[in-house]
1. Here are some residues: Ser82, Ser62, Ser58. Which one is under 28 Å from Gly419 (Cα atoms) and open to solvent by 40 Å² or more (accessible area, probe 1.4 Å)?
2. Does at least one position in the stretch 407-418 carry a residue that is open to solvent by 10 Å² or more (accessible area, probe 1.4 Å), assigned to a loop (DSSP other than H, G, I, E, B), in contact with a Phe, Trp or Tyr (Cβ under 9 Å, 6 or more places away or on another chain) and on the phi > 0 side of the Ramachandran plot?
3. Determine whether the stretch 142-155 contains at least one residue that is in contact with a helix residue (DSSP H, G or I) (Cβ under 7 Å, 6 or more places away or on another chain) and either farther than 24 Å from Asn271 by Cα or open to solvent by 30 Å² or more (accessible area, probe 1.4 Å) (or both).
4. Provide a single number: the residues in the stretch 120-141 that are within 17 Å of Ile167 (Cα to Cα) and open to solvent by 50 Å² or more (accessible area, probe 1.4 Å).
5. Identify all residues within the stretch 102-132 that are assigned to a strand (DSSP E or B), out of contact with any Asp or Glu (no Cβ under 6 Å at 6 or more places or on another chain) and closer than 16 Å to Arg75 by Cβ; write none if there are none.
6. Yes or no: the stretch 85-107 includes at least one residue that is open to solvent by 50 Å² or more (accessible area, probe 1.4 Å), modelled with pLDDT of 95 or more, farther than 18 Å from Ser39 by Cα and not aliphatic (A, V, I, L, M).
7. Only one of these conditions is not met by Arg392: (1) open to solvent by 60 Å² or more (accessible area, probe 1.4 Å); (2) farther than 20 Å from Glu270 by Cα. Which number is it?
8. Output the residues belonging to the stretch 17-37 that are open to solvent by 10 Å² or more (accessible area, probe 1.4 Å) and out of contact with any helix residue (DSSP H, G or I) (no Cβ under 7 Å at 6 or more places or on another chain).
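The values are calculated or read from the model by the stated rules, or taken from the named source; none is laboratory data. This structure is a prediction, so every number in the text was calculated from the model and none was measured. Heads up, the Cβs are rebuilt from the backbone with ideal geometry, glycines too, and the neighbour counts pull from every protein chain shown. Please note that ligands, DNA and RNA were not included when accessible areas were found on the heavy atoms of the full protein model with its side chains. Shrake-Rupley method; radii C 1.70, N 1.55, O 1.52, S 1.80 Å.
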Amino acid sequence: MSSISQIDTLFSGISNTSSYPPHNGLAVGPSNIVMAEGSRIEWTNLTGGAATVQSVYSFFSSLGATATNSLFDPRCIYDSASGRFIILMENIGANGTVSNIDIAVSKDSNPNDGWYFASLNTSLTINGQLTSSDRPSISVDGSNIYITAPQYNVNVSGYAGTETWVIGKTAGAGGGLYNGGTMTVVANQITPSNQGIFSVVAGNNGTTYYACDYSTGSQIVAVVQAYNTASSTFGPATTISLGNIDQGGAYTAQQQGTTLLLDAGDKRIENLQYANGFLWGVCELQPIGSSVPLVHWFKIDVSNPNSPTLVAQGDISGALLGTNVATFNGSLAVDGAGDVVINFTASGPNMYPSDYYVYQAASDPTGTFSAPLLYQASTGFFNSGNGSNVQRWGAYSTAIPDPNNPNAVWISNEYVANGWWQTAVSQI
């Protein structure tokens, strides 16, 4: 591999001792970076300078957010087509079933110039049972905001399917959400519960892609579905076999200096990216015969959105970092030049959980990723103090193309310093 990478910017993002886990969220615009993690929202310039910091309860107070509710699972994104930041958070009522997704949209590309707010009702009755949303994903294009969330059924302790909402940016009274008017859902659907949990990415080509993966018992399969912006219709769901590549079970990672394990998540797709006719994604699997989970990537040709085909897939191994090193909490970005970066946590019995990335240059053959490159080490193991043998981690990391540089991406992830979770933000 003749290409090289370098870290141009690295700074510490949010750390908040009042909440756990962080639920990493990062968005980058022309001049500002917006972060949303735990119970804090923060924005700064592109070098991590003096930050504006707010409690999420203060930020979303116009929507009735209070400490008696539970605001969590923050996500944020930059809308380069309209020059706006978007932040969303789950808002779960005290009974655990009444739920909303609170949404904030900046009035322009400068978050200091103010925000519009709206609330999406996610208390949905599915098959006669009341459900609430959980761990949403978000994408955006020139016309719409796309939000997905698995709907959790408290009575049966399981998911009833993934709800997908298409929100028109300017549709609705008063010019819609982007003009401070009425937020309007222009399309929605519920996916079958047996198909796993869907994530979403807008293709910026008039098509938006939804994907999930799940186990059939002997195979891992991916399901891909497209939404056509012009016709406001969802296409057929296509199933693609990924093979007998996961043994299932609980995904955990060891840490140096302790018997406490890290919760390394599950097999749901953690991140999707569309680039040049292809759908890239990362999830997590525990390969047959292995004792540690690994970040798994895939590349799907969606040039015909109703007939997607698998091009390549593979694992990001921690073997070069040590024995029984797990890789997890992955995210992926494809920059404007076609270079691919996968961001992840690595941890094992002889190393603290730390932040790494691998990359593949646009000129490299598909799947020829670099060796893992460290961008932020931890100074100790993680222990929240909650008494559990399995400590939560993540539950997200972030990788996004740099809107100002076609040969760069921004990444962010959790690490440990001063005995608590911190976040690192880096431009690669």
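1. Matching residue, one of Ser82, Ser62, Ser58: Ser58.
2. No, that holds for no residue.
3. no
4. The number of residues fulfilling the criteria is 1.
5. Within the stretch 102-132, Asp102, Ile103, Ala104, Val105, Ser106, Trp115, Phe117, Ala118, Leu120 qualify.
6. So far as the stretch 85-107 goes, yes, one or more of its residues are open to solvent by 50 Å² or more (accessible area, probe 1.4 Å), modelled with pLDDT of 95 or more, farther than 18 Å from Ser39 by Cα and not aliphatic (A, V, I, L, M).
7. Single failed check for Arg392: (2).
8. Initial filter on the stretch 17-37 (open to solvent by 10 Å² or more (accessible area, probe 1.4 Å)): 17-20, 23, 30-32.
Matches in the stretch 17-37: Thr17, Ser18, Ser19, Tyr20, His23, Pro30, Ser31.
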